[in-house]
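Chemist: Mind looking over this structure? Questions follow.
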Amino acid sequence: MSSEVLLTVLIVLPFLSSLVAGSLPANARNAEVWLAGAVALIGLAITMSFYPDVTGGDVVRYEIPWLPSAGLNLVIRMDGFAWIFSMLITGIGFLVVLYARYYMSPKDPVPRFFAFFLAFMGAMLGVVTSGNIIQLVVFWELTSVTSFLLIGYWYHNANARDGARMALTVTAIGGLALLVAMLLVGHVIGSYDLDAVLASGDTLREHTLYTTILVLMLLGAFTKSAQFPFQFWLPRAMAAPTPVSAYLHSATMVKAGVFLLVRFWPVMAGTEEWFWIVSSAGLITLVMGAYAAIFQQDLKGLLAYSTISHLGLITTLLGMGTPLAAVAAIFHIVNHATFKASLFMAAGIIDHESGTRDLRRLSGLFKYMPFTGTLAIIASAAMAGVPLLNGFISKEMFFTETAIRNPNMFANLALPIGAIIAGIFSVAYALRFVCGVFFGPPPTDLEKVPHEPPSLMRIPIEVLVLICLIVGIIPGIAIGPYLATAVVAVLGQDTPHYSLSIWHGFNLPLLMSIGALVGGVILYIMLRPYLALGVEGPPLMRRLVGQRIFERILVTISWKWAKSLERWAGTRRLQPQLFLLVLICVVTAWFALRPGFGPVKLQLSGWDPGFVILWLVGIFCAIAAAHQAKYHRLASLVLMSGAGLVTCMTFVWFSAPDLAVTQLLVEIVTTVLILLGLRWLPKRFQKGDADHIALPTKLRRYRDIVLGVFAGGGVAALSYAIMTRTAVPDGISRFFLERAYTEGGGTNVINVMLVDFRGFDTFGEIAVLGIVAITVFALLRRFRPAAESVEKPEQQRIQNAYDNLRPNRQSGDTVNEYLMIPSVIMQWMFPVIIVLSAYIFLRGHDLPGGGFAAGITMSIGFILQYMAGGTRWVEDRLRILPVKWIGTGLLIALATGLGAWAFGYPFLTMAFQYAELPIIGKVPMAAALFFDLGVFVLVVGATVLILIALAHQSVRSPKAARSSVLPTHAVEPPPPPTLETSTVEAPGGAS
């Protein structure tokens, strides 16, 4: 396979497999494991195959055109650093899948777990292989969303819900800051391509926006990697299942922040701002996390704070700004992933086999679990930096960098002292993990007798511990070439000489390591009496709990500020809400657009009296509709339709038949749907339901008039400014007129613009239309009509009385016999409208029409059927699945856009050619026809879904009316309609 195909499979396969995993039955436990394991192994094999291509600083790229003019192409980029991260993500991911097979309970919804897990894996692979910085942010936020789902997997647990919410809130805020930083980077460099950014270090560092970009980027990195002052969310994430914790802490979520720091180290490091912010935050996190880990009573809590500390160590190294420190940081990223994943899995086994993670209840487990205990001891020693293990080498490199003389007094004193203190603390919490769990008297307060887990459950830990040993004993052979590949990808020509030997003689770093080991043992012995008391939380830091600060901030924002705003602006009435919305828009537009309005000569070329009269009628209809809206809704609707009809005639006047047809069809559909909706609205609010701003009626009306004049005048001024200024000398319209046929294959310029030149805009618009339709349905699904609207209209009451006089009436008779002739005509019009819709659709590329107009036309046919026969009559004869129409339309439009990639063109690039058909001859064949088909299908589905939502009110209201006269104990609420409606078990008309 080509490298392009392999890179695509590497990123896409986890997401597709996530969909498959989510659709498997709940009892498909083994199938889920085989699927997830196969995906991880395939990803691992693909990553390994790229090793020869990324050595020596080479890069493998696959660029997929998306929006080239905006610099937004999809770029999958594999270099040595991305390669070693991908190896960790897929390799540890496979081990976690095997471990989860035995950890997860058969009662757990395993399909949901592996669906989230695979999506999380794909998001992390997307982060590390993104070659476009905006694309990186998209995958970055996907990791936040998927980790939220994984942390909150046991959603019945309040701690899991709170931890997931906290993690998402903190990391999403950081992601927003990162997005702004990347947009600024693109503005400074002139490109969003990662290679262009990495080649512009001096340009970025010397720019006036450097400090702003740095702060925003560090917000993203610090929140994701739980660096001070954002470290508080990570311990709360321990409510997740242990396989999630092992994966999240070792190779994925929290490593994304330090990955970002390393990735942008060549262009952001080397300044005073970088040194002070990054090294200070890292050092505080290093010491604080290690100190807090010693006093945790929960095994996973201890490991969580140790993760925070080790991430602080990596951040401190990167903050130093020296190439050797960057080498040590990359090395420790790999080492930390191995021993931390094994330790979390060991903690999960202890919990799984003993029933608790509480250190106050655990002791002497080595007798019951000797193999697991041996593995955990070795992994803990690697975490503590014991010689002949991988953690010792990278920690000694850390000590070496802090011991180097530096003109900066902070670097000379704070860094080495902080490093030694943190090293002492790390030995102490490692000893607490080992001694507190595996040694001491036998446990007496356990839910079950501890024992060794199944051998396959222990294999992932064995593999990782073996790696810790091999790297610690023969680092140059075991990790040297691979580390060099990652280092060269980051540092390039600045890569220094470094040694991975385990013996460098008696020197200061070795003395610092020995001091940390000895000091950690002494500290643990001194603290044992205090730790035996079982006091929760570290001394001197119990009140300084980030979680409490975070919750107080949320309470302040959501309770005090939001409640105050709600009291001032909240109201059930639509008018005050619209007033505030329009007021904000007017004020914002005034400040935003005022600098762009300059004096432009107004040239009048004559006017037509007929057109002036037409617009005077439209203005009158609009003003009258606004005046009648409160008390005479039907009259207001009719007048509003008159204004829409004037707009339609204006399009005809200015030779825009496409817009006129669309406007006319939209007016018909919206008028009818609103008319059906008016049936269920209350007549008006009571006098007690006052406006949010207590103003007299006349004053409030004058206020609204002034605001309306400003809003309308602003839109008019904006329209005038746009029409009197041209981006190019001959105007932009000439571009489309000259290229509509030669490049789009159609003579209808408007439709060619919608489905070809501006297809991406159209795709977004139809997606919004689908979302709006589903939202309307969701709102009306819970809507209950006003009491005065439940009773049937007079015509239907008369018809029901007439029906009672006809005992031989057949169930299939037309419901609305008081409109028998019109209803029969409307039913007969259905096939005619279908043919008309097909005609409008097929002619759209060359003549007025197209997918949108055809979809609206088809919707009118369905509306007529509901009005003529009623809800039950229609749905007994037609199987209507509007949501599937919406989804199918989106998929067709998306598939058309993706099809362009197969031929090497940007997303949604259309093509056309003429095909010779027998007998018929030459026929134009445009790819845009398929995109237009997606538009057509979605518009039909969206309109019919809204229609069904309104029509089912007439089905439910008689039930509500009948239940209102029953005793309380006899009331049974009617079942809400489903999205995929086929039949309804109640009579009733749609109007």
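The values are calculated or read from the model by the stated rules, or taken from the named source; none is laboratory data. Worth saying up front: this structure is predicted, and the values here are computed from it rather than measured. Neighbour counts are summed over all protein chains in view; Cβ atoms, including those assigned to glycine, are modelled from backbone coordinates with ideal geometry.
Chemist: Name the residue, out of Glu462, Glu536, that is in contact (Cβ under 8 Å) with a residue 12 or more places away in the chain, charged (D, E, K, R) and in contact with a Leu (Cβ under 7 Å, 6 or more places away or on another chain).
Modeler: Only one candidate passes the filter, namely Glu462.
Chemist: Identify the residue in the range 243-263 that is of a type in the set (Gly, Ala, Ser) and more than 12 Å from Ile333 (Cα to Cα) and, among all such residues, is surrounded by the fewest Cβ atoms within 10 Å (Cβ to Cβ).
Modeler: So, considering only residues that are of a type in the set (Gly, Ala, Ser) and more than 12 Å from Ile333 (Cα to Cα), the one surrounded by the fewest Cβ atoms within 10 Å (Cβ to Cβ) is Ser245.
Chemist: Within the range 235-270, can you find the residues that are in a loop (DSSP other than H, G, I, E, B) and under 28 Å from the mean Cα position of the chain (by Cα)?
Modeler: Selection gives Ala240, Pro241, Ala251, Thr252, Met253, Val254, Phe264.
Chemist: Does Val5 qualify as being touching an Asp or Glu at 6+ places or on another chain (Cβ under 8 Å) and part of a helix (DSSP H, G or I)?
Modeler: So Val5 does not fit the description; no.
Chemist: Among Ala26, Ala38, which is in a loop (DSSP other than H, G, I, E, B), of a type outside the set (S, T, N, Q), under 27 Å from the mean Cα position of the chain (by Cα) and surrounded by fewer than 18 Cβ atoms within 10 Å (Cβ to Cβ)?
Modeler: When all the criteria are applied, what remains is Ala26.
Chemist: For the range 51-87, which positions are at pLDDT 95 or above, in contact with a Leu (Cβ under 9 Å, 6 or more places away or on another chain) and of a type in the set (Phe, Trp, Tyr)?
Modeler: Within the range 51-87, Phe85 is the sole residue that qualifies.
Chemist: Of all the residues that make up the range 715-754, how many are at pLDDT 85 or above and over 28 Å from Val935 (Cβ atoms)?
Modeler: Qualifying residue count for the region: 0.
Chemist: Tell me, yes or no, whether the range 861-883 has at least one residue that is touching a strand residue (DSSP E or B) at 6+ places or on another chain (Cβ under 9 Å), at pLDDT 80 or above, part of a helix (DSSP H, G or I) and under 22 Å from Ala767 (Cβ atoms).
Modeler: no
Chemist: Considering each of Thr983, Thr943, Thr909 in turn, give the residue that is in a loop (DSSP other than H, G, I, E, B), farther than 30 Å from Thr742 by Cα and either at pLDDT below 70 or under 33 Å from the mean Cα position of the chain (by Cα) (or both).
Modeler: Step by step, each of Thr983, Thr943, Thr909 is checked, and only Thr983 is in a loop (DSSP other than H, G, I, E, B), farther than 30 Å from Thr742 by Cα and either at pLDDT below 70 or under 33 Å from the mean Cα position of the chain (by Cα) (or both).
Chemist: Also: List every residue pair whose Cβ atoms sit under 7 Å apart, with the two residues 6 or more apart in sequence or on different chains, where the first one lies in the range 735-756 and is without any contact (Cβ under 8 Å) to a residue 12 or more places away in the chain and the second, anywhere, is of a type outside the set (Lys, Arg) and surrounded by fewer than 22 Cβ atoms within 10 Å (Cβ to Cβ).
Modeler: Tyr741/Thr747
Chemist: For the range 271-288, how many residues meet the condition of being assigned to a helix (DSSP H, G or I), over 16 Å from Ile417 (Cβ atoms) and of a type in the set (S, T, N, Q)?
Modeler: The total comes to 0.
Chemist: Same structure, new question: Could you list all residues from the range 224-239 that are crowded, with 24+ Cβ neighbours inside 10 Å and small (Gly, Ala, Ser)?
Modeler: Correct list: Ser225, Ala226, Ala237.
Chemist: Among the residues in the range 348-355, are any surrounded by fewer than 23 Cβ atoms within 10 Å (Cβ to Cβ), of a type in the set (Gly, Ala, Ser), over 26 Å from Val490 (Cα atoms) and in contact (Cβ under 8 Å) with a residue 40 or more places away in the chain?
Modeler: Looking through the range 348-355, at least one residue is surrounded by fewer than 23 Cβ atoms within 10 Å (Cβ to Cβ), of a type in the set (Gly, Ala, Ser), over 26 Å from Val490 (Cα atoms) and in contact (Cβ under 8 Å) with a residue 40 or more places away in the chain.
Chemist: Another question about this same structure. So which residues in the range 37-49 are in contact (Cβ under 8 Å) with a residue 24 or more places away in the chain and out of contact with any Ser or Thr (no Cβ under 7 Å at 6 or more places or on another chain)?
Modeler: Gly37, Leu41, Ile42, Ile46, Met48, Ser49
Chemist: Here is a further query. What about Glu4, is it farther than 20 Å from Tyr102 by Cβ and touching a residue at least 12 places away in the same chain (Cβ under 8 Å)?
Modeler: Answer is yes for this residue.
Chemist: Spot the failing condition for Ser499; the list is (1) within 18 Å of Ile330 (Cα to Cα); (2) part of a helix (DSSP H, G or I), and only one is missed.
Modeler: So Ser499 meets the others, but not (2).
Chemist: Tell me the residue from Gly71, Gly56 that is surrounded by fewer than 22 Cβ atoms within 10 Å (Cβ to Cβ), more than 26 Å from the chain's Cα centre (by Cα) and on the phi > 0 side of the Ramachandran plot, please.
Modeler: Testing whether each residue is surrounded by fewer than 22 Cβ atoms within 10 Å (Cβ to Cβ), more than 26 Å from the chain's Cα centre (by Cα) and on the phi > 0 side of the Ramachandran plot leaves just Gly56.
Chemist: Quick one: count up the residues across the range 508-518 that are out of contact with any helix residue (DSSP H, G or I) (no Cβ under 8 Å at 6 or more places or on another chain) and either crowded, with 16+ Cβ neighbours inside 10 Å or touching a residue at least 12 places away in the same chain (Cβ under 8 Å) (or both).
Modeler: Matching residues across the range 508-518 total 0.
Chemist: Return the pairs, sorted by first residue and then second, in which the second residue is in a loop (DSSP other than H, G, I, E, B), the first residue lies in the range 199-220 and is touching a residue at least 12 places away in the same chain (Cβ under 8 Å), the beta carbons are less than 6 Å apart, and the residues are 6+ apart or on different chains.
Modeler: From the range 199-220, the pairs are Arg205/Thr271.
Chemist: Here's a follow-up. Can you name every residue in the range 270-292 that is surrounded by fewer than 24 Cβ atoms within 10 Å (Cβ to Cβ), under 16 Å from Leu317 (Cα atoms) and modelled with pLDDT of 90 or more?
Modeler: Thr271, Glu272, Glu273, Trp274, Phe275, Trp276, Ile277, Ser280, Ala281, Ile284, Val287
Let's see how each residue does on (1) charged (D, E, K, R); (2) buried (at least 16 other Cβ atoms within 10 Å of the Cβ); (3) in contact (Cβ under 8 Å) with a residue 12 or more places away in the chain; (4) under 18 Å from Ile133 (Cβ atoms):
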{"position": "Asn159", "(1), (2), (3), (4)": "no, no, yes, no"}
{"position": "Asp162", "(1), (2), (3), (4)": "yes, yes, yes, no"}
{"position": "Arg165", "(1), (2), (3), (4)": "yes, yes, yes, no"}
{"position": "Leu178", "(1), (2), (3), (4)": "no, yes, yes, yes"}
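Chemist: Same structure, new question: Here is a list of conditions, (1) closer than 16 Å to Glu452 by Cα; (2) over 31 Å from the mean Cα position of the chain (by Cα); (3) crowded, with 24+ Cβ neighbours inside 10 Å; (4) of a type in the set (Gly, Ala, Ser), and Ala379 meets all of them except one; can you say which number that is?
Modeler: (1)
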